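Following: one structure in C-alpha cells, then a few remarks.
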Amino acid sequence: MTDGTNVTNGAYSLRPHLWHHGRVSAAPVDDLTLSERWLTVPELVDLFSTSPGRIHRLFEEKTLLAARVGGVLRVPSEFLEDREPLPELRGTLTVLSDNGFTDDEAVRWMLTVDDSMGVSPIAALRAGRKAEVRRVAQSLL
C-alpha cells in the first residue's frame, strides 16, 4: 500500500540481500512491511495538533526521523509513543547521523532485526535497552 493507510505484518522479515551486519544499503526505504504503519507529515500534523514546520523541525533536530517510502516522506509508527516522538530515539538518531547514516539508512536500520540484539533496534529501545542500542549503533562503520 502506498496511500499511508495501515500496513500490517506479523513479524519483521530479514532479507539477506538487503541487510548485513554493519552499514545498511543506501537504497531507499520502499519496503512498506518494515513498519506496521507509516505516517505522513499531514497525518503527524493532525496527530500532534501542530504545524508542518514544527514536524520538519523535529526532523532537523533528530528528535524524529522520516524516510521517503514510495516517494512520500513517512515516519514509522514505532517511532512514536503516546502521540509524541519516542524520547530515547533522539540520541540514537544522533549517533547514527554522526556515523554517516542517511535518514533512509537510519530508518531501515532501526526497523530491521539486528543479530546481536535479537530484535530490531526500535523494539530494543522500546524495551528499555537504550544503552545497548547506542553501543551497537556506535560500532557500525
(request) Give region 45-99 a look and list any residue that's in a loop (DSSP other than H, G, I, E, B) and hydrophobic (A, V, I, L, M, F, W, C), or say none. (result) 64, 65, 66, 86
(message) For region 63-71, check the following and say yes or no: at least one residue is surrounded by 11 or more Cβ atoms within 10 Å (Cβ to Cβ), over 12 Å from the mean Cα position of the chain (by Cα), under 25 Å from residue 101 (Cα atoms) and modelled with pLDDT under 95.
(response) yes
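Listed here are the residues, each with its yes/no results for (1) outside any loop (DSSP other than H, G, I, E, B); (2) surrounded by fewer than 19 Cβ atoms within 10 Å (Cβ to Cβ); (3) out of contact with any His (no Cβ under 6 Å at 6 or more places or on another chain); (4) of a type in the set (Asp, Glu).
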position	(1), (2), (3), (4)
101	no, no, yes, no
108	yes, no, yes, no
119	no, yes, yes, no
125	yes, no, yes, no
(message) Consider region 127-141. How many of its residues are part of a helix (DSSP H, G or I) and touching a residue at least 24 places away in the same chain (Cβ under 8 Å)?
(response) 5
(request) Assess whether residue 77 counts as being under 20 Å from residue 133 (Cβ atoms) and either of a type in the set (Ser, Thr, Tyr) or in contact (Cβ under 8 Å) with a residue 12 or more places away in the chain (or both). (result) yes
(request) Hey, could you check region 36-62 for residues that are of a type in the set (A, V, I, L, M) and within 20 Å of residue 110 (Cβ to Cβ) and say which is surrounded by the most Cβ atoms within 10 Å (Cβ to Cβ)? (result) 44
(message) I'd like the full set of residues that are more than 9 Å from the chain's Cα centre (by Cα) and either surrounded by fewer than 19 Cβ atoms within 10 Å (Cβ to Cβ) or modelled with pLDDT of 95 or more (or both), limited to region 72-87.
(response) 72, 73, 80, 81, 82, 83, 84, 85, 86, 87
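The values are calculated or read from the model by the stated rules, or taken from the named source; none is laboratory data. Just so we're clear, the structure is a prediction, and the values are computed from it rather than from any experiment. All Cβ positions, even for glycine, are placed from backbone atoms using ideal geometry, and neighbour counts span all protein chains on display.
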